1. Sort through 136, 149 and tell me the only one that's closer than 15 Å to residue 80 by Cβ, at pLDDT 95 or above and over 14 Å from the mean Cα position of the chain (by Cα).
2. Does any residue of region 92-105 turn out to be surrounded by 17 or more Cβ atoms within 10 Å (Cβ to Cβ) and part of a loop (DSSP other than H, G, I, E, B)?
3. Is there a residue in region 235-253 that is surrounded by fewer than 11 Cβ atoms within 10 Å (Cβ to Cβ), under 17 Å from residue 45 (Cβ atoms) and modelled with pLDDT of 95 or more?
4. Would you tally the residues in region 211-230 being under 17 Å from residue 189 (Cβ atoms) and assigned to a helix (DSSP H, G or I)?
5. Report the residue count in region 34-66 for those that are under 17 Å from residue 271 (Cα atoms), at pLDDT 90 or above and either assigned to a loop (DSSP other than H, G, I, E, B) or touching a strand residue (DSSP E or B) at 6+ places or on another chain (Cβ under 8 Å) (or both).
6. In region 198-213, which residues are more than 20 Å from residue 61 (Cβ to Cβ) and buried (at least 24 other Cβ atoms within 10 Å of the Cβ)?
7. Tell me the residue from 118, 108, 94, 147 that is over 23 Å from residue 43 (Cα atoms) and in contact (Cβ under 8 Å) with a residue 24 or more places away in the chain, please.
8. Right, residue 121: crowded, with 17+ Cβ neighbours inside 10 Å, more than 17 Å from the chain's Cα centre (by Cα) and closer than 28 Å to residue 187 by Cα or not?
């Protein structure tokens, strides 16, 4: 279903509003004005290792950064929650995370699609945000519905793509996922971006060792980019533009397959805080 939640600095929704109270609207309503909406000048992806909506006492930098990527003053942001099984708590966290910003939020539920004209719906949005969870399940659903094809066209036509965790991995040829029981393994993504990605790089020690093993063996695509929890990467087309962070100590790394194994190089990261 396509759900809308109007949220802005004008206070359209209070902080305590639950996802169950969101207004459900038809996809055709969400699609209004799609042909005339301003678009990003180039295909744009901003995705992170996590850290979009930290605890209330911690500063949140990624939402403002993402909003600045759209030329629309008050963007329409659509949540894609298939990786978490369209968990209502995940959607509510998404809604609450954006409520201090001048935007409106929507939800497209691929389990109960309100329309099969996916491209028309996506083109009615300004920013698409992909939530975390099982990248394996996310990609299976997108491919089965051919939703990934509509996403690719929307991306090519200036709809900004964002996300974190699974919402990072999904844009690359492949990535490291914990979707499998007890092990970390490779998963194929959309291939919008070349190479592979690995989020939460500092969270679990085995994320580093396993990613290095797969890069070296050819089990995952090279080059690879590994992001700590609070780091985001911006691409225009397939070109890496910059890497930003919500914490001074967080890092990003480029991994490349070599004849003897792999090389790992720290990448410059711009701290978004003061």
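1. Of 136, 149, the one residue that is closer than 15 Å to residue 80 by Cβ, at pLDDT 95 or above and over 14 Å from the mean Cα position of the chain (by Cα) is 149.
2. yes
3. Yes.
4. The first filter runs over region 211-230 and keeps only residues under 17 Å from residue 189 (Cβ atoms), leaving 211, 214-215, 218-227.
From what's left, assigned to a helix (DSSP H, G or I): 211, 214-215.
Total satisfying the criteria: 3.
5. 9
6. Result: 198, 211.
7. That would be 94, the only listed residue that is over 23 Å from residue 43 (Cα atoms) and in contact (Cβ under 8 Å) with a residue 24 or more places away in the chain.
8. Here the answer is yes, as residue 121 does meet what is asked.
The values are calculated or read from the model by the stated rules, or taken from the named source; none is laboratory data. Bear in mind the structure is a predicted one, so any value in this text is a computation, not a measurement. Positions of Cβ are generated from backbone atoms using ideal geometry, with glycine treated the same way; all protein chains shown enter the neighbour counts.
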